[in-house]
Amino acid sequence: MNGSSSHSRSSIGKKQLVAATGLFLILFVVAHLAGNLFIYGGPEAFNGYAKKLVGLRPGLYFLEAALLVVFLIHLDATARLVLENLRARPTGYRQGAPAGDRQGHSAAGGSFASRLMPWTGAVIVAFVIWHLLDFTFVDRDGPAGILPDGRSYGLFGVVYNSLGNPVHCVLYIAAMLCVGTHLSHGIQSFIQTFGLVGERRLPAVRRISNALGIAIALAYSSIPIYVQLSFWVFSRRGV
């Protein structure tokens, strides 16, 4: 009995850790989106924003290190929870799971998003690595920043040339759909895990978190679509 109680407390602790770190990462995603939207202001606005970020160093190194630690803790705690669930239900969610789990967690809701959490999480991890290699660890003043008009636009040009590739565009949008799905469940999971609202308000929480997940996914996805349309205009003009 004590072992079962200890295991239950451990599981709850992991869920709270996942929820708390998840909230931190959600706030980062929103802040990162706000910065990315400067691309609509053109090269001067976008590169100016990037230079301001660089100007925050060395303090920015601390924030980046903290973000990395939170990200790794989130991954570790999530992996442990997934393994615990697999041991507890070796047949998985589709067979032998309670009706509430098949139709949607009564508290957290959104069964589709919740079942996809491990998969969308894996896609997000792969995307983060690719994203860093594509935009961060790259020579921003080299050929990667030169647009079709032959001029170098720094980081703005790097982003344009990357997302101007149709394959990159599709992969980026697919990753953002995973981000939106992951966040839609993560937000409501945080609220439910810490008991911030009662059962009666959970349906409203689910609707709001789903709407936020969709909005974030669409906002991020609008950027590569905008870039693709811009390249189409360039080609039409013969630039």
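Below is a table of values for the structure above.
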| item | result |
| --- | --- |
| From ARG80, ARG87, residue being over 30 Å from VAL227 (Cβ atoms) and either surrounded by 13 or more Cβ atoms within 10 Å (Cβ to Cβ) or touching a strand residue (DSSP E or B) at 6+ places or on another chain (Cβ under 9 Å) (or both) | ARG80 |
| Residue that is over 15 Å from the mean Cα position of the chain (by Cα) and either loosely packed, with under 14 Cβ neighbours inside 10 Å or closer than 19 Å to LEU75 by Cβ (or both), where the choices are PHE137, PHE156 | PHE137 |
| Among (1) more than 24 Å from LEU67 (Cβ to Cβ); (2) modelled with pLDDT of 95 or more - the single one VAL179 does not satisfy | (1) |
| Filter result for TYR93 (of a type in the set (Phe, Trp, Tyr) and at pLDDT below 90) | yes |
| Count - residues of segment 147-184 that are closer than 18 Å to SER222 by Cβ and among the basic types (Lys, Arg) | 0 |
| Counted residues, segment 159-204 - those being among the β-branched types (Val, Ile, Thr) and free of Cβ contacts under 8 Å to residues at least 24 places away in the same chain | 4 |
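The values are calculated or read from the model by the stated rules, or taken from the named source; none is laboratory data. As the structure is a computational prediction, the values presented were derived from the model and not from experiment. Positions of Cβ are generated from backbone atoms using ideal geometry, with glycine treated the same way; all protein chains shown enter the neighbour counts.
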